[in-house]
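Structure first, then comments.
The values are calculated or read from the model by the stated rules, or taken from the named source; none is laboratory data. Just so we're clear, the structure is a prediction, and the values are computed from it rather than from any experiment. We place every Cβ from the backbone using ideal geometry, glycine too, and count neighbours over all the protein chains shown. When the accessible area is computed, the model is the full protein with side chains, heavy atoms only, and any ligands, DNA or RNA have been set aside. Shrake-Rupley method; radii C 1.70, N 1.55, O 1.52, S 1.80 Å.
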Amino acid sequence: MSWVFALLLGCVFFPGSHYFIRYITAPQCKQFANSDVVNSTVAEKMVSIIHSVFAFLSGIIIVNSCTNDIMYDSHWLVEFYISFGLPYMLFDIYAMYVVHKYKHPHLQTGKLSTVIVSFTKAHPAMILHHLVLALLAYPIVMFWRNGKGDFFVGCFFFAELANPFIHMRAILKQIGLHSSNLSTINGVMLLLTFFICRLLIFPIMYSIYGQTKDLSLYGVITSIPIHCNLGCAVLLAFQFYWFYLILGAARRQIRDLMEKEEIEIGRVMDIKVNCDHGVKSD
């Protein structure tokens, strides 16, 4: 029953971490006009980063421990961590709800139903993502796998490596550093980790399974149950959609940086021209 302990631990750890981070960052956030928005956003994103790092590290341990038989080798950390992380999925919805209310002050005095409708319209994808993981993925991993596939669950934990850079981008934007060099580096890391850990991970898993069964990629696709292929196809489609959005954000950031650089060059040239005129007048 270690998963019960993990579930209770998650119920304490993630809300506790959120409010602790809000408390220690509140003084620094007061320098911003929208301090409540910044404070709640930083706390929500930092807890998400902590969850992602823990998941990725768990994935490393699980994958390295399940190499003899990738279908039937097991590791206790699979059930422990997914139970520990379940409260995060539900609490993060609430944390995003709080941020949404701070971003729209008129909602703070509105009816609860109005606030909920506004929130769900603003964040439908993330709410759906969290609910699907909590209400569908959790029981599948915990109760419907018949103890098989811990190795592949660990591989899916690798996908979390891209999340810290996603959340860091939101933090940098909130504190006015979205055009900084740090933001550019973060964007590059986001593209790399997302491409490797969320897109390439699928053909890598198929390839590893094929090597253990002496099958080609086509042989793997035709030999495993159709619901496995269908599930991977749906997940991969979502990853391509998110990657498309990330590329769009990267293009906009590059465009903004180029425009900023052009403005700076123009300012320097104006100063130079004015100095030259001053020298000629003398």
Exercise. Share of region 114-253's accessible area from carbon and sulfur, percent, 1.4 Å?
Worked result: 74
Problem set entry | Kirkwood Rh and Cα Rg combined as Rg/Rh, region 1-45 | 1.21
For this session: Using θ = phi - 60° and the Karplus relation 6.51 cos²θ - 1.76 cosθ + 1.60, list the HN-Hα couplings for region 132-141 in order, rounded to whole Hz, with x at every Gly or Pro.
Result: 5, 5, 6, 9, 10, 5, 4, x, 5, 5
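Tell me the Kirkwood hydrodynamic radius of the chain in angstroms, computed as one over the mean inverse distance between distinct C-alpha pairs. Could the numbers behind the result be given before it?
Working: mean 1/r = 0.0462 Å⁻¹.
This gives a value of 21.7 Å.
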Exercise. Taking θ as phi - 60°, what are the ³J(HN,Hα) couplings along region 35-40 by the Karplus curve (6.51, -1.76, 1.60), each to the nearest whole Hz, with x for Gly and Pro?
Worked result: 4, 5, 5, 4, 4, 5
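In the structure displayed, which of K45/K103; K30/K103; K121/K148 lie more than 26 Å apart, Cα to Cα? Intermediate results must be reported in sequence, preceding the final value.
Working: K45/K103 15 Å; K30/K103 15 Å; K121/K148 38 Å.
Flagged as over cut-off: K121/K148.
Take the Cα atoms of region 129-197, build their convex hull, and give its volume per residue in Å³.
Numbers: hull volume 5.8 nm³, N = 69.
So the per-residue hull volume is 84 Å³.
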Problem set entry | Listed residues E160, E259 arranged by accessible area, highest first, probe 1.4 Å | E259, E160
Problem set entry | Accessible surface, the chain, averaged per residue in Å² (probe 1.4 Å) | 59
For this session: Report the Stokes-Einstein translational diffusion coefficient (µm² s⁻¹, integer) for region 1-137, Rh taken as the Kirkwood radius over Cα pairs, at 4 °C with viscosity 1.567 mPa s.
Result: 78
Exercise. Could you give me the ³J(HN,Hα) list for region 16-28, computed from phi with Karplus coefficients 6.51, -1.76, 1.60 and θ = phi - 60°, whole Hz, x at Gly and Pro?
Worked result: x, 4, 4, 6, 5, 5, 4, 5, 7, 9, 4, x, 5
Exercise. If you take the Cα Rg of region 215-258 and divide it by 2.2 N^0.38 Å, with N the number of residues, what do you get?
Worked result: 1.82
Seminar exercise, completed: Between L177 and L245, the two model label points (7 Å from Cα along the beta-carbon direction) sit apart by a distance in nm of 2.4
Exercise. Roughly speaking, what is the centre-to-centre gap between region 172-212 and region 38-83 when only Cα atoms are used, to the nearest Å?
Worked result: 17
Seminar exercise, completed: Relative to the compact-globule estimate 2.2 N^0.38 Å (N residues), the Cα gyration radius of region 87-211 stands at a ratio of 1.33
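If N is the number of residues in region 174-263, what value comes out of its Cα radius of gyration divided by 2.2 N^0.38 Å?
Region 174-263 yields a ratio of 1.52.
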Exercise. Extent of region 70-128 along each principal axis, from alpha carbon coordinates, in Å, largest to smallest?
Worked result: 53, 17, 17
Seminar exercise, completed: To the nearest 20 debye, the chain has a Cα-centred charge dipole, built from +1 on Lys and Arg Cβ and -1 on Asp and Glu Cβ, of 660
